[in-house]
1. With the other protein chains left in place, how much accessible area per residue, in square angstrom, belongs to the chain at a 1.4 angstrom probe?
2. So, with a 1.4 angstrom probe, what is the percent of accessible area on the chain that is carbon and sulfur?
3. In cubic angstrom, how much convex hull volume per residue do the alpha carbon atoms of the chain span?
4. Counting pairs of alpha carbon atoms under 8 Å apart in space and at least six apart in sequence, what relative contact order in percent does the chain give?
5. Subtract the Cα-Cα distance of ARG36 and ASN166 from 0.36 nm times their separation in residues, and report this length gain in nm to one decimal.
6. Could you work out the helix-only [θ] at 222 nm for the chain, with each DSSP H run of four or more residues adding -39,500 (n - 2.57) and the total divided by the number of residues, to the nearest 500 deg cm²/dmol?
7. Ignoring the sites themselves, what is the longest stretch of the chain with no trypsin sites (Lys or Arg not before Pro) in a DSSP loop and at most 11 other beta-carbon atoms within 10 Å?
8. Using a basic spin-label model with each label point 7 Å from the Cα along Cα→Cβ, how many nm lie between ALA83 and ARG146?
Amino acid sequence: MSRQVYLYDPPDRFVAGTVGLPGRRTFFLQASAAGRVTSVALEKTQVAALAERIDELLDEVVRRTGGNAPVPAVAPSDVTDSAPLDAPVEEEFRVGTMALAWDGDEQRMIVEAQALVELDAETDEALADAEERLLQDEENGPPMLRVRLSGAQARAFAKRALDVVNAGRPPCPLCSLPLDPEGHVCPRQNGYRRGV
């Protein structure tokens, strides 16, 4: 079976968002253009890591070009997107591997999210070989979302993604674990609940 690549070059919209209540949220990347929408599910930590790495890569591009790259220092307000995910949110696949690159010729950020694949191998060496073959297989690999963004779009994506990650349950002031609306058994209080 040939690889399914969902290509958005450029997207009308590329955002991170969630479905569900804090503590039970499912995180998605969603790209849309010309009436088509692609949503892929991923973990909260993947969203946070992607946003942080995008900002780091853009900062490095600015540093290496001496400020001549079309990359804003912060997300411009005219490309900020705070709207919810486009409904219905239908998961195409769950993300396993992500990659980032900067295309210096086109002045574009390339974001790739590849489907999670389980590999069976008996040794660590065999597993590493299987992973390498999978990553190099352009024709028969797992499904992939590939998005090409301007510097401003990439900054706006990273800002929103971090906002979405941080919009969850507030941390406990004592143990930093998330506070549930039903209450919180804090290990720092040896399991006792604090009175309100």
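The values are calculated or read from the model by the stated rules, or taken from the named source; none is laboratory data. The model shown is predicted, which means the values in this text are computed figures rather than measured ones. Cβ atoms come from the backbone with ideal geometry, glycine included; neighbour counts cover every protein chain shown. Each accessible area value is taken on the protein alone, full model and side chains, heavy atoms only, with ligands, DNA and RNA left out. Shrake-Rupley method; radii C 1.70, N 1.55, O 1.52, S 1.80 Å.
1. Values: 11900 Å² over 196 residues.
Dividing the accessible area of the chain by its residue count gives 61 Å².
2. On the way: 5820 of 11900 Å².
Of the solvent-accessible surface of the chain, carbon and sulfur hold 49 percent.
3. Numbers: hull volume 37.4 nm³, N = 196.
Here the figure is 191 Å³ per residue.
4. Working: 316 pairs, mean separation 54.5, N = 196.
Computed over the chain, the figure is 28 percent.
5. Values: separation 130, 0.36 × 130 = 46.80 nm, distance 2.85 nm.
Between ARG36 and ASN166, full extension yields an extra 44.0 nm.
6. On the way: 3 runs with 50 residues, N = 196.
It lands at -8500 deg cm²/dmol.
7. Numbers: sites that count: ARG24, ARG193, ARG194.
Formally, the longest exposed-site-free interval is 25-192.
8. So the two model labels end up 2.7 nm from each other.
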